[in-house]
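The values are calculated or read from the model by the stated rules, or taken from the named source; none is laboratory data. The shown structure was predicted, so the numbers you read here are calculated from the model rather than taken from an experiment. Neighbour counts are summed over all protein chains in view; Cβ atoms, including those assigned to glycine, are modelled from backbone coordinates with ideal geometry. Accessible surface areas use protein heavy atoms only, side chains included; no ligands, DNA or RNA. Shrake-Rupley method; radii C 1.70, N 1.55, O 1.52, S 1.80 Å.
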Amino acid sequence: RGYCSRRLRRLRKTLNFKMGNRHKFTGKKVTEEILSDNRYLLLILMDAERAWSYAMQLKQEANTEPRKRFHLLSRLRKAVKHAEELERLCESNRVDAKTKLEAQAYMAYLTGMLRFEHQEWKAAMEAFNKCKTIYEKLANAFTEEQAVLYNQRVEEISPNIRYCAYNIGDQSAMNELMQMRLRSGGTEGLLAEKLEALITQTRAKQAATMSEVEWRGRTVPVKIDKVRIFLLGLADNEAAIAQAENEETKERLFESLLSECRDAIQAVREELKPDQKQREHSLENDSGKVSNIQYLHSYLTYIKLSTAIKRNESMAKSLQKALLQQQRSDEDGKRTPRPQDLIRLYDIILQNLVELTQLPGLEEDKNFQKEIGLKTLVYKAYRCFFIAQSYVLVKKWSEALVLYERVLKYAREVQSGAGAHRNSLKELPDVQDLITQVNAEKYSLQAAAILDANDPHESESPSQVKDGKPLSERFETFCLDPSLVSKQVNLVHFPPGFQPIPCKPLFFDLALNHVAFPPLEDKVEQKAKSGLTGYIKGIFGFKS
């Protein structure tokens, strides 16, 4: 909106098309007679764009201030009015055919947006279809580079057409909208909020018939509407994640699913009041089961933790692929992924598995605990593997070899204990591939360790000398020390250490103890003793 206002000001100043002066407004209109410069058409276009952008701003503000919706509709009508004026001017013989078609499509699009906001679905769909048809014809008439822009506009309009068709009564359009949302991980623009509300409304209708859910052999009634809606959409979200085209879309879908799951858990937690929890626990204490609402809370928590594990595993797979392309990333100058990044992800996965074993109501489920234990071993094996990889990078051969042996130990435990739990381990990484890779890495590591031990030049390389001495103590030794150009350069020991120094000598006069001084009594004048009279004379200053 601000850009359009500034652009209008510059155009009017350049074309000398001013609306009066600072004292009086004089309205002017662009007519066919003055279309000697194509910038006159830009004046009308900027007016329409400014009104449309203000309407989009008001649409965001109308979420908290509903009264602004009236202003929003007013600005959209203003944009349509300017678009009509632009289309009328483009009918002139001075305008080429391409510009005429684009003006008609622009007019149809803004008209469709206005009808869309008025919820006049039939008129809006007709306008959008007209706009789509024009852009498709333009895309076919020009080169591929120009056709990309027109095809992009067609893709932006298609969800609006399907949404209008659904509101008219076409139920098949709802499935297309759902698939579009799931493939893209969410929509954007004017349709986003309406489509989310429509999907929620559709699931709410289906949730009215859902009364219970079964999990691990126990049926639990579901009375909270938000939980019903979440459970109904769970299968669709999981299918969309499996069909996601790229990692960015998959990450958005994971975040959306986790957000909905947290909201459902919060709704159940509000029902778990202390007094109600104690009352239900006392009623079912004899059977040794937790309450239905508590078991439902455990089920939703299980979904949240399982989804978080799948998301972190997906991120770990993408990082592993990046590690395989590490050399090419170095050439491109990008940040190279490190094994430490994968270690952090597997730490989070193991923490989530620990939380799964502590869910209320599943402490006595031996099969569940065994299944989680096997999954823990799998992820521990992969975590140890990447810790070993990080040690290999710093040439700590012994530590890496010990960790490779630990990986083989975990993998063999998984293979021996899988048995009846093979179906639950299908989604996990294959430990047999890990065993094969570890065996190959062990031989490579042993060879690298032997070469490193037999290479004296490498061990005596001045670039690897790290004795910790400051620069002031190794002036005569050449060493490539990167810390000299860092902020924590080691130049001298500070504060300096204590050094022994000689003390100041002490002199003792031992001869003084053996010296006999001559008597001096005969040279000292003896004073006569005076009594009270002498004391009084002394006070008054009289001398004898």
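Specify the residue that is nearest to Asp37 (Cα to Cα); the eligible residues are those in the range 99-114 that are open to solvent by less than 10 Å² (accessible area, probe 1.4 Å) and not small (Gly, Ala, Ser).
Of everything passing the filter in the range 99-114, Leu110 is nearest to Asp37 (Cα to Cα).
Looking only at the range 345-377, which residues are of a type in the set (D, E, K, R) and crowded, with 17+ Cβ neighbours inside 10 Å? Walk me through how you get there before you give the answer.
Narrowing the range 345-377 to residues of a type in the set (D, E, K, R): 347, 355, 363-366, 370-371, 375.
Of everything in the range 345-377, those that are of a type in the set (D, E, K, R) and crowded, with 17+ Cβ neighbours inside 10 Å turn out to be Glu371, Lys375.
Residue under question is Thr187, and the condition is that it be at pLDDT below 85, touching a Pro at 6+ places or on another chain (Cβ under 8 Å) and either aromatic (Phe, Trp, Tyr) or surrounded by fewer than 20 Cβ atoms within 10 Å (Cβ to Cβ) (or both); does it hold? Please lay out each step first, then the result.
Values: at pLDDT below 85: yes; touching a Pro at 6+ places or on another chain (Cβ under 8 Å): yes; either aromatic (Phe, Trp, Tyr) or surrounded by fewer than 20 Cβ atoms within 10 Å (Cβ to Cβ) (or both): yes.
Criteria met by Thr187.
Please determine whether any residue of the range 226-245 is modelled with pLDDT of 80 or more and open to solvent by 50 Å² or more (accessible area, probe 1.4 Å).
Yes, the range 226-245 contains at least one residue that is modelled with pLDDT of 80 or more and open to solvent by 50 Å² or more (accessible area, probe 1.4 Å).
Residue by residue through the range 82-98, note down the ones that are part of a helix (DSSP H, G or I) and either surrounded by 19 or more Cβ atoms within 10 Å (Cβ to Cβ) or touching a residue at least 24 places away in the same chain (Cβ under 8 Å) (or both). Full working, then the answer.
Going through the range 82-98, the residues part of a helix (DSSP H, G or I) turn out to be 82-89, 97-98.
Hits for the range 82-98 are His82, Ala83, Glu85, Leu86, Leu89, Lys98.
Of everything in the range 119-140, what is in contact (Cβ under 8 Å) with a residue 40 or more places away in the chain, part of a helix (DSSP H, G or I) and surrounded by fewer than 17 Cβ atoms within 10 Å (Cβ to Cβ)? Give them in sequence order.
If we filter the range 119-140 for residues that are in contact (Cβ under 8 Å) with a residue 40 or more places away in the chain, which is where we start, we get 119, 121-122, 124-125, 138.
Now narrow it down to the ones that are part of a helix (DSSP H, G or I): 121-122, 124-125, 138.
Residue satisfying the conditions is Lys122 alone.
Keeping to the range 1-36, report how many residues are exposed (fewer than 10 other Cβ atoms within 10 Å of the Cβ) and under 30 Å from Gln60 (Cβ atoms).
1
For the range 492-531, name all the residues that are surrounded by 10 or more Cβ atoms within 10 Å (Cβ to Cβ) and at pLDDT below 85.
Within the range 492-531, the subset surrounded by 10 or more Cβ atoms within 10 Å (Cβ to Cβ) is 492-493, 530.
Correct list: His493, Ser530.
How do the pairs read when you match residues in the range 337-362 that are under 20 Å from Ser318 (Cβ atoms) with residues anywhere that are among the aromatic types (Phe, Trp, Tyr) and assigned to a helix (DSSP H, G or I), using Cβ under 6 Å and keeping only pairs 6 or more apart or on different chains?
Correct list of pairs: Pro339/Phe386; Leu342/Phe386; Ile343/Phe386; Tyr346/Tyr379; Tyr346/Tyr382; Ile349/Tyr379; Leu350/Tyr379.
Quickly run through the range 64-74 and pick out the residues that are more than 20 Å from Glu156 (Cβ to Cβ) and in contact (Cβ under 8 Å) with a residue 24 or more places away in the chain.
Step one: list which residues in the range 64-74 are more than 20 Å from Glu156 (Cβ to Cβ), which gives 64-71, 73-74.
Selection gives Leu73 alone.
Assuming Gln351 fulfils every condition listed in (1) within 18 Å of Lys409 (Cα to Cα); (2) not assigned by the TED database to the domain that holds Ala447 apart from one, which condition is it?
The number of the failed condition is (1).
Table: residues versus (1) modelled with pLDDT of 80 or more; (2) of a type in the set (Ser, Thr, Tyr); (3) touching a strand residue (DSSP E or B) at 6+ places or on another chain (Cβ under 8 Å); (4) over 21 Å from Gln437 (Cβ atoms).
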site: Met315; (1), (2), (3), (4): yes, no, no, no
site: Leu324; (1), (2), (3), (4): no, no, no, no
site: Glu355; (1), (2), (3), (4): yes, no, no, yes
site: Gln358; (1), (2), (3), (4): yes, no, no, yes
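Can you pull out the residues in the range 357-371 that are assigned to a helix (DSSP H, G or I) and more than 28 Å from the chain's Cα centre (by Cα)? Give the steps one after another, and end with the answer.
Here is the first cut: in the range 357-371, the ones assigned to a helix (DSSP H, G or I) are 357, 366-371.
Hits for the range 357-371 are Lys366, Asn367, Phe368, Gln369, Lys370, Glu371.
Going by what's in this entry, would Leu177 be described as open to solvent by less than 70 Å² (accessible area, probe 1.4 Å), modelled with pLDDT of 55 or more, closer than 28 Å to Phe368 by Cβ and part of a helix (DSSP H, G or I)? Show your work before the answer.
Details: open to solvent by less than 70 Å² (accessible area, probe 1.4 Å): yes; modelled with pLDDT of 55 or more: yes; closer than 28 Å to Phe368 by Cβ: no; part of a helix (DSSP H, G or I): yes.
So Leu177 fails the test.
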